[in-house]
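First up is the structure itself, then whatever we jot down about it.
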Amino acid sequence: MKRREFLAATAATGTVLATGLAGKAMAAEPLKVGFIYLGVPGDGGWTYQHDLARQAMEKHFDGKVVTNVIQNVPEGADAERSITQLALAGNKLIFTTSFGYMDPTINVAKKFPKVKFEHATGYKRADNVSTYDARFYEGRAVIGTIAGRMTKTNKIGYIGTFPIPEVVQGINSAYIHAKKVNPDVEMKVIWVSTWFDPAKEADAAQAMIDAGVDVIMQHTDSTAAMAKAQAAGVYAFGQSSDMIQYAPKPRISSIIDNWAPYYIQRAQDMLDGKWASQGVWMGIGTGVVEIGEITDAVPPEVKAEALALKDKIASGAYHPFTGPLNKQDGSVWLAAGETPKDDMLSGLNFYVEGIQGDLPK
Amino acid sequence: MLTLEKRPSPSRFWAGVTPILAVILTMIAGGILFAAMGKDPVEAILDIFWQPLFGDNADYFRAQLLVKAGPLVLIAVGLSLGFRASIWNIGAEGQYIIGAICGAAVGLAFYPADHWYIFPLMVIAGALGGWAWAMIPALLKNVFGTNEILVSLMLVYVAENIQSWMAFGPLRNPEGMGFPGSRNLQQYPAASNPELIPNTGIHWGVVAAAVAAVLAYILLKKHILGFQIRVAGQAPRAARFAGVDPKHLFTICMGISGALAGLAGLFEVSGPSGQISTNFNVGYGFTAIIVAYLGRLHPIGIVLAGLLLALTYIGGELAQLSLGLPSAAIQAFQGMLLFFLLGLDVLSNYRIRVKETRK
Amino acid sequence: MSLGGIDLVVLIASLMVASTPIMLAAIGELVAEKAGSLNLGVEGMMIIGAICGFIAAVETGSPVLGFVAAAAGGAVMALLFAFMTQVLLSNQVATGLALTLFGLGLSSLLGQGYNGIKPPPTPKLFGSLGDLPVVGPIVFGHNWVVYLSLILVAGTWAVLKYTRAGLVLRAVGENHDAAHALGYRVRTVRTLALMYGGACAGVGGAYLSLVRVPQWTEGMTAGAGWIALAIVVFASWKPWRVLLGAYIFGGVTVLQLRLQAAGIAIPVQILSTAPYLITILVLVIMSARRGRAAQGAPASLGRVFHASH
């Protein structure tokens, strides 16, 4: 801000004093951390959780870290410009919080080798670009277990967004664990082809309810499905944020994206001069995937079972995709005791055996 | 009592002054809005209008201004021809998408070959794609009399679905780890539309926008088609007597606007944006309608309007950065700017007269 | 009654709910267009209605007051449009688009602090009558806004067709110069028509935020206003066809989700494209059958009215 410096200088008139102040400001210069958001914090979901984590980080460092945000940045050309703006504005660490920012992030990173970048959910890295993602499927295993126990009609529903690996992992994980505790369970998937359209999400939930589904899981972010579940007296789970306002029923638990531990860690690495490029995929064990409070609507033994599973996943004793597991077409995916490599999992593009319907291609 | 009296022709003086007046009024109204939100209004206004042009790193932002304005101007010039003749193509967004898909598909069909003719072929495919998409409402209108506003608008949604299908299906990057989205054309030199002169932001799309504006200017001034367009808009009945075939004119205007929108899509997908993804389109086709009217449907006006709108986008992001203004405040601010620009236009088309009220 | 695993009664009941917001917005826009004003800012008015209604309902605890506030909010937005286009004679297409942009921004600003709150519920009007077989869900199973929307369609039809006010409104829309020469106040008529349109759009928006979703989320109208505009043209400016158009559109949307739930394998992209393609198809059939002269558009639609004397 040239103008500000100019104003400060004229106001101080005594040049010695002015330079003295400037010098002091340099010494206590806080770390500037930039964020770009695909949506707005008011979406109550994906962006909201990133923004909560940003605030938690700022609070944690109490003045040592300041943040800059650009919201509502479309993926593509605008993203490249916005990320460049963050870098030009002096941010030393920049979080780009949507998959579509992947190539723009890499492009900008080439031009600013001294700035560190953190790209969410992507797979391209560089010396100054890390990637981070969450193992949401671990959370899906826990709520899938609850869903399998809670359904009376033996029909559980899953509102899908787009058939990308993250969503396919979620559907498979939820189904496998529901089936494990309830062999008669049947899974209905509705693809709404949007991340955000509350009205359509509500319609999808209603369509499931009318088709006999009595436990709804969702990959979409709004509480629209929750409200329909409440009206119909069926169960649902919070997604992205806790959605606790719908507890104890229909919201019986939730999967929460909690990015705060990671953001604090990476800012700390910067302050310590220890930041290095990495690719992390964090699960329940790191606190990034949280299971929201399981309410009293769930019988104690089911709650205990779910929490035990959660602990086993957190400690690494159990992988939600442990063989024997077959693909939808009946061919073998994982042999008994086998678990998939992360590379394989992050490109998952098929249903496991037992799920009805075709995965859209 | 104040009354308006239509000027025989728009006042050149007011045509020049009103945009400046509108910007000043927006600064005042926007400043009040920002102040009400507890932000420093002066700094916010400076961030939006001054910093991108003359502040820190202005070189970069001035270049980005061209990148952002390029597609808006290119589409708006095409639309303005139709709008002048009362031909309502409001589906440029769809033509933009289809142009990008066709162009990218042609480019990717050659991957990873390296020939000089790949990019020119993509340009042709992009223009043809946009043209063909615009021909659907044109044909339906000419054959059945179906309203083009609705058909072109509906086709935007159809195009978005095709785009999503392409991103997941035929054009999906085989090395993309199962994620939707095509290969990035920026990384395929034979099919990419790079910056032509380093750090200027000028790419083929910007060049095309400039050329389109000049050609449209000449067309409207000198060519018989330009005359027909103007007559058809001002006096449809007279146009018939002057030998204008409305169907023919309709086809031509829809075709031009569709082809230019398709070109804009192609230049965007092969350049700044890079790939076909589920949300490749960002509303340029709709924003261009505003640009066309802000520029009073005149090619030079459209260039200026495109640049002004681009400025508020880029400056708005700067204000988000330095002041933490939410993007919603910027949207509201842009809305105000448009209201003032459109509203004050009254001064260039009309005289304000004080009249005694008749009893 | 069920077809391919889909219960038809439930389907009809749910498509009525899904269609209500676009129907409300469309019937309002129809009146504005009948008077000769093309307001493309429906989306902006809807989202303002959604947030005004939400705030009022949450603050007062009364959904009825919420809908009243939504109508007022939408009408104020329309008044802004009327001032721009009728007094300052600005271009209607561009002003409408600006209104949408402004409305989206303003609603987000107003809505800060209202995320994640549950609004007070809007009850069903006929209570247990809704449990009757077949007619229950379809006829008695809704809340009062659904019935209001139907009454508005009928009322709008009756007023336009049978009353003097309707005649004046249509005259203004068909030929504003002649209407002016006859002594009708063109601007006043258009302003009132626009405000009615804004109020309806506002109620439609509030139906999303208070009933159908119900919550406040930024940008939650997600394009419904554009669909409403399309339905007016689809209906060729006839109120009953607005009803039909809204139900067809809402029906196809709901149906495609239900087909998925029933496990009928049709590619998702085809399903989600279907509402738009069907709209185009119906429109083509209608316009082909009736010939090109009778599209039904008001002759002065979108044209600037300026009385020179």
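Some points to look at:
- Residue satisfying all of: in segment A:142-167; under 20 Å from C:ALA262 (Cα atoms) and β-branched (Val, Ile, Thr); surrounded by the most Cβ atoms within 10 Å (Cβ to Cβ) among these: A:ILE156
- Check on B:GLY243, at pLDDT below 90 and in the same structural domain as B:LEU140 (by TED's automatic domain parsing): yes
- Residue within segment B:94-105 that is in the same structural domain as B:ILE218 (by TED's automatic domain parsing), closer than 23 Å to C:SER287 by Cβ, touching a residue at least 24 places away in the same chain (Cβ under 8 Å) and among the hydrophobic types (A, V, I, L, M, F, W, C) present: no
- Residue match in segment B:324-334 (condition: more than 9 Å from every other protein chain (Cβ to nearest Cβ) and either in a helix (DSSP H, G or I) or at pLDDT 90 or above (or both)): no
- Residue check for B:GLY315: without any contact (Cβ under 8 Å) to a residue 24 or more places away in the chain, under 19 Å from the mean Cα position of the chain (by Cα) and over 30 Å from B:TYR157 (Cβ atoms): no
- Of all residues in segment B:190-235, those satisfying the criterion of being farther than 26 Å from B:ALA100 by Cα and either surrounded by 22 or more Cβ atoms within 10 Å (Cβ to Cβ) or not assigned by TED's automatic domain parsing to the domain that holds B:LEU121 (or both) are B:ILE229, B:ALA232.
- Here C:GLN86, C:GLN112 are screened, and the one residue that is within 16 Å of B:PHE340 (Cα to Cα) and out of contact with any strand residue (DSSP E or B) (no Cβ under 9 Å at 6 or more places or on another chain) is C:GLN86.
- Residues of segment A:172-211 satisfying the condition of being at pLDDT below 90 and either assigned to a loop (DSSP other than H, G, I, E, B) or within 18 Å of the chain's Cα centre (by Cα) (or both): A:VAL192, A:SER193, A:THR194, A:TRP195, A:PHE196, A:ASP197, A:ALA211
- Restricted to helices (runs of 4 or more DSSP H) entirely inside segment B:161-248, those with at least 2 residues that are touching a residue at least 24 places away in the same chain (Cβ under 8 Å) and farther than 30 Å from A:VAL168 by Cβ are B:204-222, B:224-234.
- Residues that are acidic (Asp, Glu) and either crowded, with 24+ Cβ neighbours inside 10 Å or within 13 Å of another protein chain (Cβ to nearest Cβ) (or both) are absent from segment A:175-185 altogether.
To keep it simple, each residue is scored yes or no on (1) in contact with a Pro (Cβ under 9 Å, 6 or more places away or on another chain); (2) within 13 Å of chain A (Cβ to nearest Cβ); (3) under 13 Å from C:CYS200 (Cα atoms).
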position: C:ILE6; (1), (2), (3): no, yes, no
position: C:VAL17; (1), (2), (3): no, yes, no
position: C:ALA26; (1), (2), (3): no, no, yes
position: C:LEU30; (1), (2), (3): yes, no, yes
position: C:LYS34; (1), (2), (3): yes, no, no
position: C:ALA70; (1), (2), (3): no, no, yes
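- Of all the numbered requirements in (1) surrounded by 22 or more Cβ atoms within 10 Å (Cβ to Cβ); (2) modelled with pLDDT of 90 or more; (3) of a type in the set (A, V, I, L, M), B:ILE87 misses one, and that requirement is (2).
- When segment B:1-43 is limited to residues that are closer than 20 Å to B:LEU338 by Cβ, small (Gly, Ala, Ser) and under 26 Å from the mean Cα position of the chain (by Cα), the one that is farthest from the other protein chains (Cβ to nearest Cβ) turns out to be B:GLY16.
- Condition met for C:GLN260 (in contact with a strand residue (DSSP E or B) (Cβ under 6 Å, 6 or more places away or on another chain), among the polar types (S, T, N, Q) and buried (at least 22 other Cβ atoms within 10 Å of the Cβ)): yes
- Failed item, numbered, when C:LEU192 is tested on (1) in contact with a helix residue (DSSP H, G or I) (Cβ under 9 Å, 6 or more places away or on another chain); (2) under 27 Å from C:PRO214 (Cα atoms): (2)
- For segment C:104-137, the set of residues classified as part of a helix (DSSP H, G or I), surrounded by 19 or more Cβ atoms within 10 Å (Cβ to Cβ) and more than 14 Å from chain B (Cβ to nearest Cβ) consists of C:PRO137 only.
- Matching residues, segment A:77-107, being assigned to a loop (DSSP other than H, G, I, E, B) and closer than 18 Å to A:TYR123 by Cβ: A:THR97, A:SER98
- Here C:TRP226 meets each of (1) assigned to a helix (DSSP H, G or I); (2) under 19 Å from the mean Cα position of the chain (by Cα); (3) modelled with pLDDT under 75 with one exception, condition (3).
- Some residue of segment A:308-323 being under 30 Å from B:GLY169 (Cβ atoms), within 14 Å of another protein chain (Cβ to nearest Cβ) and not aliphatic (A, V, I, L, M): no
- Residue match in segment A:315-333 (condition: outside any loop (DSSP other than H, G, I, E, B), without any contact (Cβ under 8 Å) to a residue 24 or more places away in the chain and not assigned by TED's automatic domain parsing to the domain that holds A:LYS92): yes
- Complete set of residues in segment A:334-357 that are touching a residue at least 24 places away in the same chain (Cβ under 8 Å), in a loop (DSSP other than H, G, I, E, B) and among the acidic types (Asp, Glu): A:GLU353
- Subset of segment C:272-294 (residues that are surrounded by 14 or more Cβ atoms within 10 Å (Cβ to Cβ), modelled with pLDDT of 70 or more and of a type outside the set (Val, Ile, Thr)): C:SER272, C:ALA274, C:PRO275, C:TYR276, C:LEU277, C:LEU283, C:MET286, C:SER287, C:ALA288
- No other residue among B:TYR111, B:TYR96 is closer than 20 Å to B:ALA191 by Cα and within 14 Å of chain A (Cβ to nearest Cβ) apart from B:TYR96.
- Selection count, segment A:186-204, where residues are touching a strand residue (DSSP E or B) at 6+ places or on another chain (Cβ under 6 Å), more than 7 Å from every other protein chain (Cβ to nearest Cβ) and not β-branched (Val, Ile, Thr): 2
- Qualifying residue in segment A:265-272 (condition: within 14 Å of A:TYR137 (Cβ to Cβ) and crowded, with 18+ Cβ neighbours inside 10 Å): no
- Search result, residues across segment A:51-67 that are touching a residue at least 24 places away in the same chain (Cβ under 8 Å) and touching a helix residue (DSSP H, G or I) at 6+ places or on another chain (Cβ under 8 Å): A:LEU52, A:ALA53, A:ARG54, A:ALA56, A:MET57, A:HIS60, A:PHE61, A:LYS64, A:VAL65, A:VAL66, A:THR67
- Qualifying positions in segment C:201-219 - closer than 17 Å to C:ALA56 by Cβ and assigned to a helix (DSSP H, G or I): C:ALA201, C:GLY202, C:VAL203, C:GLY204, C:GLY205, C:ALA206, C:TYR207, C:LEU208, C:SER209, C:LEU210, C:VAL211
The values are calculated or read from the model by the stated rules, or taken from the named source; none is laboratory data. Model, not experiment: these values are computed from the prediction. Cβ: placed from backbone, ideal geometry, glycine included. Neighbour counts: every protein chain shown.
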